[in-house]
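Read-outs throughout are calculated quantities, based only on the coordinates presented, and are distinct from any laboratory measurement. From a predicted model like this one, the values you see are computed outputs, not experimental measurements. Glycine also receives a Cβ, built like all others from the backbone with ideal geometry; neighbour counts cover every protein chain displayed.
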Amino acid sequence: MTKHERREYIAAVHCLKRTPSRFEPGVVPGAKSLYDDFVAVHINKTLSVHTSGIFLIWHREFVHLYEHALRTECGYHGAQPYWDWPRWADDLAGSPLFDGSDTSLSGDGAHNASQGPYEIKPGVSLPRGTGGGCVLGGPFVNHTVNFGPFDTALAFELKMPPNWEAYNPQCLVRDLNTYIATHFCNQQIVDRLLNASNIVEFQGNFTSYPTTLEGFGPHGGGHLSLGNTMADFFASPADPAFYFHHAQVDRMYAIWQDIDPEHRRYALNGTLTFGYRNDTPEATVDTVIDWGVLGKPKRIGEIMNPMGGDYCYRYQ
Ligand SMILES: [Cu+2]
């Protein structure tokens, strides 16, 4: 993107943060804007759209709806860019996305001495990064996170955070972490991902369940490599970087589908419950996904082709 395009994108995100929420007053007190509505919907659906049969397609439509809102509500003319993980994995702070300049998404957070390692599960942890505090400057220094923070462990217990709708304004927190980026978002990881021979393997390469370090994958790796706000399992879309990360997840999905469209275009595997639990039915192309205030309900089959239905996009 040219610097002009980056500034236009950033201005549109700021505009979305000023655009009124679509929730009825009082229903979701933390949703102060249309930007926050996306965070709220993600929180509300967390227990059905991660390590489940609809992870890939749900996040595809979610990013599409966000891009659509940037364009239709806020005058943005471009597309939602993706974050090419391996390119800056060993130098996140030097990347145009996170270098803290006025054309970035803001950079690292202030060094927070009390930031500890990331506990993946009992006995398994990953080292902290270089920040852990509020972002120090750049375009999103005043971007408030209005929900959470939430405890990721709740997801593994299939529990929603109590009173998640509450308004709890905080700063955007980053903890740039090249250890995590170079281990989980490198080129070999991307190659392995794209070499998956079927949908079970492909989904597993993104995020295995139960989570092991080996199977941590570039989805979780990307979230954790940016730190606290992006590492919040429920409220991560509160960090504008979420959409760059998930555009790249979707790019991987689209590239992988295009390798063998006959077998992969409509391949699905898994239920609608976190951890592929069988208390909900298997996702099928006819399963309808409800988008609440963000958009109209859609059949899964309508979300599986980037060049079909409401979509008309491809990745470079
Ligand atoms: Cu998500």
GluC sites (Glu not before Pro), restricted to the stretch 201-298: which are DSSP loop and have at most 11 other Cβ atoms within 10 Å? Glu214
Counting other C-beta atoms within 10 Å, and keeping those with at most 12, which DSSP coil trypsin sites (Lys or Arg not before Pro) do you find in the stretch 133-199? Lys159
When N counts the residues of the stretch 197-316, how does its alpha-carbon radius of gyration compare numerically with 2.2 N^0.38 Å, as a ratio? 1.11
Among the Cys residues of the chain, which have no other cysteine Cβ under 4.7 angstrom away? Cys185, Cys312
Residues of the stretch 118-132 with backbone nitrogen within less than 17 Å of a virtual label 7 Å along the Cα-to-Cβ line of Arg277, please, listed as ranges. none
Kindly provide log₁₀ I(q)/I(0) values, in the same order as q = 0.23 Å⁻¹, from the Debye equation applied to equal alpha-carbon scatterers of the stretch 134-229. -1.13
The stretch 1-94: D in µm²/s via Stokes-Einstein (Kirkwood Rh, Cα pairs, 10 °C, 1.306 mPa s)? 106
Got the relative contact order for the chain handy, in percent, Cα pairs under 8 Å and 6 or more residues apart? 22
Spelling out what I want: for every residue of the stretch 304-313, take phi, set θ = phi - 60°, compute 6.51 cos²θ - 1.76 cosθ + 1.60 (Karplus), and round to whole Hz; glycine and proline get x. 9, 10, x, 10, x, x, 6, 8, 7, 8
Note to self: Kirkwood Rh of the chain, Cα pairs, one decimal, Å, is 19.6
Cα-Cα over 28 Å: which of Lys32/Lys298; Lys121/Lys298; Lys45/Lys121; Lys17/Lys298? Lys121/Lys298
